[in-house]
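Colleague: Please read through the structure below; I'll follow up with questions.
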Amino acid sequence: MTTDVEKTGITVKKTPKQKFWSVLKTTLLYGLVFIVIYTAINWWRQPVMPANPQLQLTDYQGQALDLAAMSTDTPTLVYFWGTWCPICTYTSPTIDKLAAAGNYPVVTVAIKSGSDQELQNYMQQNNFDFTTVNDEDGAIFADWQGQVTPSYVVLKEGEMTQGLTGIQPLWSLKLRLWLSSIF
């Protein structure tokens, strides 16, 4: 079936204003679809808090950590990563900046990243100063049903308020921690 425009051979040109609105609508539509898909995938892959989580941990330097106590007054970020993870080479410097700022406690869990000495060497080579628990066999990450690295958990009063995965900019992590402190 042909339209009247096709039969007459007349083409209708859009004005610059019409083109702008058309491009804007298309961009917003694709953006919305991306956000919905990204949120669904992130929700599906996020860590899940165990029924009886191990919140008393020891970092690779032998210091005791109590995540429940740390998250009592201020939300705490738990960052699951690995020295072998290519994406983590981009996200770990952001975590180091967040930890250095000191506004929120940050505890990282290095999954299957070697011995304490190997982990210490890696941390020194990359000038990372964040608190790190060595999850040599991946048991901690498995307990949280972690699927991908990097993964993040925000704890408030010992309970998980948010879980997320993938590359997260500093502003996004700060926003999530701030929101967890309010709600």
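Colleague: Being assigned to a strand (DSSP E or B) and among the charged types (D, E, K, R) is the filter; apply it to the stretch 129-183 and report the residue that is surrounded by the fewest Cβ atoms within 10 Å (Cβ to Cβ).
Modeller: Top of the filtered list is E159.
Colleague: Checking A101 against (1) farther than 21 Å from G62 by Cβ; (2) touching a helix residue (DSSP H, G or I) at 6+ places or on another chain (Cβ under 6 Å); (3) at pLDDT 95 or above, which single condition isn't satisfied?
Modeller: All conditions pass for A101, except number (2).
The values are calculated or read from the model by the stated rules, or taken from the named source; none is laboratory data. None of these values were measured; they are calculated from a predicted model. With ideal geometry, Cβ positions are generated from the backbone for all residues, glycine too; neighbour counts draw on all protein chains shown.
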